[in-house]
Amino acid sequence: MKRFAVLGTVLLCVVAPIAMVYGLMAFTPTGSCDYPVSGVCSYGRVPMIVAAGGTALVWAGSAVLTWAGTRGRPRVYVPYAAIAVIAALLVVAGRLAG
């Protein structure tokens with residue numbers, strides 16, 4: 001089971017930085033946000049915060065939950081659940097910006 005936890009952590013460490021870069025590049029405003037009605041400026045730039053900040057929090061939290069205090073028995077499901085949550089965060093950010 002430890003192999004699956006290591007594999008999940010490696011996958012998470014590959015997926016999370018890609019998702020963070022995508023979240024920053026896709027949802028960073030390129031123009032003025034004087035009138036934030038829709039798009040990436042909507043709700044005070046929440047799509048960028050959800051995509052990049054949420055990914056960083058999920059990434060760090062899942063690494064800690066997987067390995068901290070497990071006495072050699074890592075929680076195998078946590079990295080895979082974190083990858084699914086990161087994908088959901090990107091979808092939510094896209095819906096908010098849409």
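Points worth noting:
- TYR43 vs. criteria assigned to a helix (DSSP H, G or I) and either touching a His at 6+ places or on another chain (Cβ under 7 Å) or more than 17 Å from VAL14 (Cβ to Cβ) (or both): yes
- Identity of the residue in region 18-58, open to solvent by less than 50 Å² (accessible area, probe 1.4 Å) and of a type in the set (Ser, Thr, Tyr), that ends up farthest from the chain's Cα centre (by Cα): SER42
- VAL64 vs. criteria among the β-branched types (Val, Ile, Thr), in a helix (DSSP H, G or I) and surrounded by fewer than 21 Cβ atoms within 10 Å (Cβ to Cβ): yes
- Taking the listed residues THR70, THR55, THR66, the one that is closer than 30 Å to MET1 by Cβ, at pLDDT below 85 and not small (Gly, Ala, Ser) is THR70, with no other qualifying.
- The selection criterion, being farther than 20 Å from VAL91 by Cα and either acidic (Asp, Glu) or part of a helix (DSSP H, G or I) (or both), does not hold for VAL58.
- Test result for MET20, assigned to a helix (DSSP H, G or I), modelled with pLDDT of 85 or more and over 19 Å from ALA81 (Cβ atoms): no
- Residue count, region 67-89 (criterion: more than 19 Å from PRO17 (Cβ to Cβ) and surrounded by 12 or more Cβ atoms within 10 Å (Cβ to Cβ)): 5
The values are calculated or read from the model by the stated rules, or taken from the named source; none is laboratory data. What you see is a predicted model, and the numbers here were worked out from it, not measured in a lab. Cβ: placed from backbone, ideal geometry, glycine included. Neighbour counts: every protein chain shown. Keep in mind that these areas ignore ligands, DNA and RNA; they rest on the heavy atoms of the full protein, side chains included. Shrake-Rupley method; radii C 1.70, N 1.55, O 1.52, S 1.80 Å.
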